1. Being closer than 21 Å to R606 by Cβ and open to solvent by less than 20 Å² (accessible area, probe 1.4 Å) is the filter; apply it to segment 563-583 and report the residue that is nearest to the chain's Cα centre (by Cα).
2. Considering each residue of segment 509-533, count those that are touching a helix residue (DSSP H, G or I) at 6+ places or on another chain (Cβ under 7 Å) and over 26 Å from S129 (Cβ atoms), and give that number.
3. Tell me which residues, restricted to segment 371-409, are open to solvent by 10 Å² or more (accessible area, probe 1.4 Å), closer than 28 Å to L329 by Cβ and either of a type in the set (S, T, N, Q) or in a strand (DSSP E or B) (or both).
4. Which condition breaks for D453 when tested against (1) closer than 22 Å to I425 by Cβ; (2) among the charged types (D, E, K, R); (3) at pLDDT 95 or above?
5. Looking at segment 163-176, can you tell me whether even one residue there is in a strand (DSSP E or B), crowded, with 22+ Cβ neighbours inside 10 Å and under 22 Å from the mean Cα position of the chain (by Cα)?
6. Scan G344, G287, G361, G276 and give me the residue that is farther than 28 Å from T493 by Cβ and in contact with a helix residue (DSSP H, G or I) (Cβ under 7 Å, 6 or more places away or on another chain).
7. Of the residues in segment 191-247, how many are open to solvent by less than 10 Å² (accessible area, probe 1.4 Å), among the β-branched types (V, I, T) and either over 26 Å from Y69 (Cβ atoms) or within 22 Å of the chain's Cα centre (by Cα) (or both)?
Amino acid sequence: MFRVGSKIMKRSVDTQRVPLGLIVCASFGIPMLAFASHANAQSRLGFIEITEEAGLSDAIRDVANGSRYSSMQGGGVVGDFNNDGYHDIFALAGGGLADYLYINNQDGTFSNQAAQWGVDLAHYSFGASAADFNNDGYLDIFITSYGSTSFAPNSGKMLLLQNNGPDEHGNWSFTDVAVECGVNRLFGNTRDGLGSGWSDYDLDGDLDLMVCGYIEDRACNRLFRNDGPNDEGIHIFTDVTVIAGLERTGVPGFTPQFVDMNNDLYPELILIADTGNSKYFHNMGDGTFVDMTHIVGGINTANAMGIDIGDINNDGLLDMYISSITYDLTGGPGNVLLIQNPDGTYENTARDNGTYNGYWGWGVLMQDFDHDRDLDLAETNGFLGTYNGDPAVLFENLGDGTTFSEVAQQSGFVHTGQGRGMCRIDIENDGDLDIVIFENIGQLRLYENLLIDDAPTPDDRNWIRVLLDTSERDTLAPHGLGASISVITGEHTRLLPVHCGTNHACSSPIESHAGLDESTIIDAIQVRWNDGSFTTLTGVDANQILTISASSSPSDYLPDGTLDIHDVIAFLDQYNSSNLSADHNGDLRLNFYDVAGFVRDFLEAR
């Protein structure tokens, strides 16, 4: 089942690889299709900075004296903290000032409500990530911090801000529960902590936390397993780094990213680290990981800081873009664009396709900024001292992921500050992706995407934003984190992984976005939930924010939260009317296997 959130027309590693975009049976009303590249028309990328107009001019970052890793800091979170359907911005102020919480006013502007929410804290912060760790429907925030700036930086001061939701008067607030939950410190008493990220790595339906540390001679990158609530309702986290096989020294970690890269439901861990020490860990599905870095050609060349993941060449396999440094003297080591091969290995193509040179890179985004069905790349740059003034870059994908053009200046995406974190945001729910840049010292910057407003014919480039609701099935992670979405229009299939949006010191909203070019109707949207079940919708209108809800169980076809004869009737009605909503096994065909799968799951659930 689905509902429309809003609709605004304004501006052992298995080597047998099976892409998620499958052949569709033409007899069920959808054309035969395969993953295909899209030939770009003339570039229509365009941005304008609207920081002042949006009410964000007071979002100044000032790193406190004595702060840890001061030149690498600069982050925050974009997410919907008050459940009104609009993206808000939480920005770390660096300790010299109090943190900011900008609530979206739904008119293109924001208001700082940090004091009202109780998060106007001045502390030695590095980065933040957001997810609903306790599955109560509200977005929480984890912050790597070394304590209040009233004291010297110290260990054991991480923050886990639990979103309390609205009280009886409609007032919202956060409460720090890091100590009670057991995530207030990293390895021993080390005064460390950089990036963080969330995933359901063990597929038990709750969200686990990975926190990166930078000290090279200590095993500071730690995985905390969410063991659920205790008798007092407090979620307890256990450090399982050792038993998961992830403990390593010599890995100065920046960013953890969890995504199912090989289509087996279990998310891999890509641990982004400095000085050529990034790691790729394959999830074995039994609570452990195996180091498979050797299959990722070129990842060890990068002074890696940021990462984003998507299918950049539209072949049904997920790829990775990792920011690095391009030194003036040596011309390297350069950014890394890792294209996945059918056998599960990766090849670094950055030197060949024009994405290699990004100056001193930090945050990155791999998104379809111009709605032409392929993924573009944006990157922040800058380092204090010699490299001050390096511009942000914007690589336009010219159609098949093999050639890119750097268009930042001509598109208006002009930023020469000390960019660190970078998030995607849809300011006014108009469907085009805008960009937030968190600076190291200086001004938060907001760039509006002009695609919708300035297009000669605005409705010839279409889009879809997809959010997932798993509140009816507690075996699935909140917001469907770990699911994958296939968006099918004609001969084009877009594969969209649902992850926590972790980037350098920040995280983007847990949702998916696809450009649709001229398509106004989506033939099919298929969600593969991370328990292996599927939801398929057909004939979906473009240009909307769509929430797809998982039913209480895969066989709850009514759905009403119970399994009975009415679900059997509902399934048979859909099946007999050739409705792909009855595609129970997710192969985008209707046949005996769907009936058998439904009966099996129905009986098991009963």
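The values are calculated or read from the model by the stated rules, or taken from the named source; none is laboratory data. Note that the structure is predicted; figures quoted are calculated from it, not measured. All Cβ positions, even for glycine, are placed from backbone atoms using ideal geometry, and neighbour counts span all protein chains on display. Heavy atoms of the whole protein, side chains included, go into the accessibility calculation; ligands, DNA and RNA do not. Shrake-Rupley method; radii C 1.70, N 1.55, O 1.52, S 1.80 Å.
1. A582
2. Result for segment 509-533: 2.
3. Those that are open to solvent by 10 Å² or more (accessible area, probe 1.4 Å), closer than 28 Å to L329 by Cβ and either of a type in the set (S, T, N, Q) or in a strand (DSSP E or B) (or both): T386, N388, T403, F404, S405, E406, Q409.
4. (3)
5. Scanning segment 163-176, I find at least one residue that is in a strand (DSSP E or B), crowded, with 22+ Cβ neighbours inside 10 Å and under 22 Å from the mean Cα position of the chain (by Cα), so the answer is yes.
6. Of G344, G287, G361, G276, the one residue that is farther than 28 Å from T493 by Cβ and in contact with a helix residue (DSSP H, G or I) (Cβ under 7 Å, 6 or more places away or on another chain) is G276.
7. Summing the residues that are open to solvent by less than 10 Å² (accessible area, probe 1.4 Å), among the β-branched types (V, I, T) and either over 26 Å from Y69 (Cβ atoms) or within 22 Å of the chain's Cα centre (by Cα) (or both) in segment 191-247 gives 1.
For every residue, the table says whether it meets (1) part of a strand (DSSP E or B); (2) open to solvent by less than 10 Å² (accessible area, probe 1.4 Å).
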| residue | (1), (2) |
| --- | --- |
| V77 | yes, yes |
| N82 | no, no |
| F90 | yes, yes |
| A93 | no, yes |
| L101 | yes, yes |
